[in-house]
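These notes concern the structure reproduced below.
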Amino acid sequence: MSSPCDPQYARVGDVGAALMMIDSRLKAIYDSKTENDPEQQQMVDQFAASFGPAGFTALLDGACTLIYMFMQWLRAACEDHDKDVIEYMVPTLVATMRMMPKTFRPETIPTMAGLLIAAGTGLSPNLWRAQYGGWTDAEMNPLEATAVLLAERINQITGDHDFATRLITEALSRSARD
């Protein structure tokens, strides 16, 4: 039985732009720049603002697509070791979110956990979220950070700081050829 949250019904969005933002955050983390650089934040804000409303929606959809793709990779990796991705990933990521109160206000954590669970069970995160209304301003930073945490977790598992980015760019390249 098909769900209205099935990924086949979801907009993919601007995965390339979302990936560029996530990769930029990862590089800052790996360069030990964990404090929010005001200059970089201003550039990110200007970049996002340059899209206009339709482009910004595409960027949000792209971030959700990344969350979905990352969770699908993690699900396959967990299944290879007879583990459940929800049981293995979600509590750890939620615990990490709780340690980051400036990024994840307590009221945003259930939504981000819901996105992870939706993606981990094969549902579209953006369609799952749409059931509860539009995105709020308070959810923008946590959405980006959730995608960054997933990418960083993948990079940690593989021992390769660029693996998550390569995973997506290779998938985009394959889909462009098909």
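The values are calculated or read from the model by the stated rules, or taken from the named source; none is laboratory data. Predicted model, so just to flag it, every value in this text is computed and none were measured. Cβ sites come from the backbone with ideal geometry, for glycine too, and all protein chains shown count toward neighbours. SASA here: full protein model, heavy atoms, side chains in, ligands and nucleic acids out. Shrake-Rupley method; radii C 1.70, N 1.55, O 1.52, S 1.80 Å.
With a simple spin-label model that places each label point 7 Å from the Cα along the Cα-to-Cβ direction, the separation between Asp137 and Arg98 comes to 2.9 nm. Given their separation in residues at 0.36 nm each and the Cα-Cα distance between them, Ser3 and Asp31 gain 5.9 nm when the chain is fully extended.
On a C-alpha basis, how far is the centre of segment 101-155 from the centre of segment 7-34 in Å? Whole number, if you could? When both Cα centres are located, 13 Å separates them. In the assembled protein chains, Met69 presents an accessible area of approximately 50 Å² (probe radius 1.4 Å).
Per the Kirkwood formula on distinct C-alpha pairs, the Rh of segment 95-169 is how many angstrom?
For segment 95-169, inverting the mean 1/r across all distinct Cα pairs yields 13.2 Å.
From the Kirkwood radius over Cα pairs of segment 62-102, Stokes-Einstein at 25 °C and 0.890 mPa s returns a whole-number translational diffusion coefficient of 221 µm²/s. The share of alpha-carbon pairs in segment 19-178 lying farther apart than 20 Å comes to 51%.
Of Glu144, Glu152, Glu39, the residue with the greatest mean-square motion in the GNM of the chain, using alpha carbon springs below 10 Å, is Glu39. Largest GNM mean-square fluctuation across Gly133, Gly52, Gly62, computed for the chain with C-alpha springs under 10 Å, falls on Gly133. Ligands, DNA and RNA left out, the accessible area of the chain computed with a 1.4 Å probe is 55% carbon and sulfur.
Of the residues Pro142, Pro125, Pro91, the one that moves most in a GNM of the chain with alpha-carbon contacts below 10 Å is Pro91. Accessible area per residue for the chain is 55 Å², calculated with a 1.4 Å probe on protein heavy atoms, without ligands, DNA or RNA.
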